[in-house]
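To start, the structure under review is shown below, and the notes come after it.
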């Protein structure tokens, strides 16, 4: 690295990695595309290494780029900490933060609350990826991930958000039109909605055998929201999170004594956990979940 190394060039590099593209980064930095391109070329020249593998399908970080990203995040974190402690200023978040969540949590809980976070931090761009999958923070698939389990390895920081309850639900119409369900022994004779076995991305989602070992689901989907809508439409019984099912006026809980408890964990990469955009978003999610404890763990 030469004595002409410029922190502003690193900020430009970070903007690209955080927004996912040169075009979005240029817009975020309020400069034109060609200026940003020149900055990255200058940074690569200063370091003597190529940082991006540029292809027609898009750009990805090279090995050198991945190494710089770790150090650049640390530099940004240090600059933020210095501003707060020396300047005694309020934490301000800017840039893009990507949150990867299970489809049900992201779609049915978090999405409706992100407007408040955006109002608090107008310069923050929130990217919500709500999909039935795990997210790799080490591969930068997300800055924050909501998981059903604590990580067993990697440079990750985990924080318990909440336990949540699941129950057995059906539509009011289905209950009226079908034989009564008084015990779990009655369930196998009913249509059941569940996950596709080989597409279950986390063992915590394997519910069917807890209901009955003889259960043969009639309808399967990899997507919890799809299962929810099938249940609302009267297609059968389904194990659903209470915080989702109780918001649907046409659903009723079947066999209230049947309950499962699972846990949501908030995961952060250790290199990013103290950057402003990640910290304020993570704290906001934890705050919103804490306020909604009655949804996640309803009273019997």
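Throughout, read-outs are computed from the coordinates displayed, never taken from laboratory work. Bear in mind that the values here come from a model prediction, so they are computed numbers and not experimental data. Cβ placement follows ideal geometry from the backbone for every residue including glycine, while neighbour counts extend to all protein chains displayed.
Would you kindly state how much longer the chain becomes between residue 218 and residue 250 on full extension, computed as 0.36 nm times their sequence separation minus their alpha carbon distance, in nm to one decimal?
Answer, rounded to one decimal: 9.4 nm.
With every atom except the alpha carbons ignored, what do you get for Rg and Dmax of the stretch 217-300, in angstroms?
Cα radius of gyration and Dmax of the stretch 217-300 are 16.6, 47 Å respectively.
Ranked highest first by average number of other Cβ atoms within 10 Å, how do 103-114, 8-19 line up?
Per-residue mean Cβ counts within 10 Å order the peptides as 8-19, 103-114.
Could you work out the relative contact order of the chain? I mean the mean sequence separation of Cα pairs under 8 Å and 6+ apart, divided by the number of residues, in percent.
It rounds to 22 percent for the chain.
In nm, give the distance between the simple-model label positions of residue 133 and residue 116, each being 7 Å from the Cα along the Cα-to-Cβ direction.
3.0 nm
Helix-only estimate, please: 222 nm mean residue ellipticity of the chain, summing -39500 (n - 2.57) across DSSP H runs of length 4 or more and dividing by its residues, to the nearest 500.
Calculated at 222 nm, the ellipticity per residue is -11000 deg cm²/dmol.
Compute the helix-to-body angle for 276-291: its Cα long axis versus the longest principal axis of the chain, expressed 0 to 90° and rounded to tens.
Orientation of helix 276-291: about 20 degrees from the principal axis.
Does anyone have the angle between helix 33-47 and the longest principal axis of the chain? Alpha-carbon axes, 0 to 90°, nearest 10?
Helix 33-47 sits at roughly 70 degrees to that axis.
Going by average Cβ density within 10 Å per residue, which order do the peptides 233-243, 158-168 take, highest to lowest?
233-243, 158-168
Return P(r) of the chain (all Cα-Cα pairs; 20 Å bins starting at 0; whole %; ordered from short to long distances).
The distribution over the chain is 30, 46, 21, 3, given as percents.
Quick one: 37, 230, fewest Cβ neighbours within 10 Å first, how do they rank?
Ranking 37, 230 by Cβ neighbours within 10 Å, fewest first, gives 37, 230.
Output the 0 to 90 degree angle, nearest 10, between the alpha-carbon long axis of helix 63-87 and the longest principal axis computed from the alpha carbons of the chain.
90 degrees
Packing-wise, with mean Cβ within 10 Å as the measure, how do 21-32, 197-208 rank, highest first?
21-32, 197-208
For the stretch 163-262, I need the span (max minus min coordinate) of the C-alpha atoms along each principal axis, in Å, sorted largest to smallest.
So the extents along the principal axes, rounded to whole Å, are 34, 29, 23.
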